[in-house]
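Every number here is computed from the coordinates shown, using simple stated rules; none is lab data. Nothing here was measured: the structure is a model prediction, and the numbers come from that model. Every residue, glycine among them, receives a Cβ derived from its backbone with ideal geometry; neighbour counts consider all protein chains shown.
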Amino acid sequence: MATPLLHSFCGWCLYRGLRGPLKLGGSSSGKLAACLVLANLPDLDLLPRLIFGVLSPHGLYTHNLPAAAGVGLAVGFRQGRQWGLMAFILVMSHLVIDFFTGLRLGLAPSWGLAWLYPLEGGRWSAPATLFLGTRHGSWEVLFSRANLWAPLYEGCLMAALLALAWFRRRPPGLLR
Ligand SMILES: [Zn+2]
């Protein structure tokens, strides 16, 4: 799966882009923190493995449409419809990124997701891999040298997107 860096970046972009249209109120660090947590929420299924060494499946129980809908409904029930929709979108952003994540970039099948679990257990892969995945069986594997490529790639990708956004919104006359 992709790293929390990319999921958090996506959560930050969605918060900036949707807080106005969804009328989430003014900017605040608490709301941003909630969005970052929600964008990373599906990966909580890694904790039993990393803390207790339990061989629990990663990317199954929390990485599917019913789970995303459940989070949206739970948040919406507690915080209102707009936040429920925002929570659903944030969790879905995580799933979409993970859907296009694999070990080899390009026209290679991604690891994919079991989108409809537990209703249907089939795992679907994307035809192309857009994001580099990491291995995460234990702390040693998680922080191994082989896992350095994913955050490096994601850092370059995020820097390119931020540069593009800045270039499009730069003050007139700059860079002339
Ligand atoms: Zn994930």
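Here are some notes:
- Residue check, T101 out of contact with any helix residue (DSSP H, G or I) (no Cβ under 8 Å at 6 or more places or on another chain) and surrounded by 13 or more Cβ atoms within 10 Å (Cβ to Cβ): yes
- Among the residues of region 4-36, those identified as without any contact (Cβ under 8 Å) to a residue 24 or more places away in the chain and surrounded by fewer than 14 Cβ atoms within 10 Å (Cβ to Cβ) are R16, G17, G20, P21, G25, G26, S27, S28, S29, G30, A33.
- Single condition L148 does not satisfy, out of (1) away from the ligand (no atom under 16 Å from the Cβ); (2) touching a residue at least 24 places away in the same chain (Cβ under 8 Å): (2)
- Criterion applied to G122, G112, G155, G80 was being at positive phi and out of contact with any Lys or Arg (no Cβ under 7 Å at 6 or more places or on another chain), and the one residue passing it is G80.
- Test result for W139, of a type outside the set (K, R), in contact (Cβ under 8 Å) with a residue 24 or more places away in the chain and surrounded by 15 or more Cβ atoms within 10 Å (Cβ to Cβ): no
- Residue match in region 144-154 (condition: part of a loop (DSSP other than H, G, I, E, B) and either exposed (fewer than 10 other Cβ atoms within 10 Å of the Cβ) or not charged (D, E, K, R) (or both)): yes
- When residues in region 152-166 are screened for being in contact with a Leu (Cβ under 8 Å, 6 or more places away or on another chain) and either farther than 17 Å from G106 by Cα or among the hydroxyl-bearing types (S, T, Y) (or both), 3 of them pass.
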